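To start, the structure under review is shown below, and the notes come after it.
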Amino acid sequence: MSDQFNTIAGWTLAAGIVALGATIVTGQFYTHHPVEKGGFPVESADGGAEGGAKEVPIAALLQTADAAKGAEVFKKCASCHTINSGGANGIGPNLFGVLGKKHGHMAGFAYSPGMLAKEGNWDFDGMNEWLKSPKKYVDGTKMSFAGLSKPEDRANIIAYINSQGSNLPLPAAPAADAPAAAEGAANAAAPAAEGNAAAPAAAPAK
């Protein structure tokens, strides 16, 4: 009986040692190491990757915007808005001549408190930000539309809205980036300077 007990105890001890060894080996195999760098860029709320290229200013896009294409984009808005002169308000206010007017300009329309409190007038930049994300532009807006992610679509629809009763002059195109322009000029001048290096100096004017 004693020999049998010792045999069982020995096998139990051996099994425990094997299990412990397996646990140690498995733990080493599946050791997790901290990730030093992220693998994928995080998309921002505006649709671009963080650290990505800066969006082209709306003033630049308006220089080549197409009001006819904007009329097609506006069809997404037509279920809530009219834009003809004297048009009735719908779920949203009539938008005829809206650019240049103050926020919440349409008398008798039940604007959200946030829109009524918004200072200033509708301009090209403000309309661009509104079309990009109404909820970001006006806190608590009743507007349920998520926004237009493509800057070109926003430029086209702004050109169309402007043609419907506002007719404001387009903002001037932004100047070229100064450092980039200077670098371009320097690169263009370098070959010319190398070509002129072998030429004899011109005689001073008399």
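Take the Kirkwood radius over Cα pairs of the stretch 58-147, plug it into Stokes-Einstein at 10 °C and 1.306 mPa s, and you get 115 µm²/s for translational diffusion.
Listed cross-link partners Lys101/Lys142; Lys54/Lys76; Lys69/Lys102 are compared with a 24 Å cut-off, the Cα-Cα value being larger for Lys54/Lys76; Lys69/Lys102.
As a rough guide to protection, the peptides 67-74, 107-114, 78-85 ranked by mean Cβ packing within 10 Å, highest first, stand as 67-74, 78-85, 107-114.
Where a number appears in this text, it was derived from the coordinates with a stated rule and is not lab data. As the structure is a computational prediction, the values presented were derived from the model and not from experiment. Don't worry about glycine lacking a Cβ; one is built from the backbone with ideal geometry, like all the others, and counts go over all protein chains shown.
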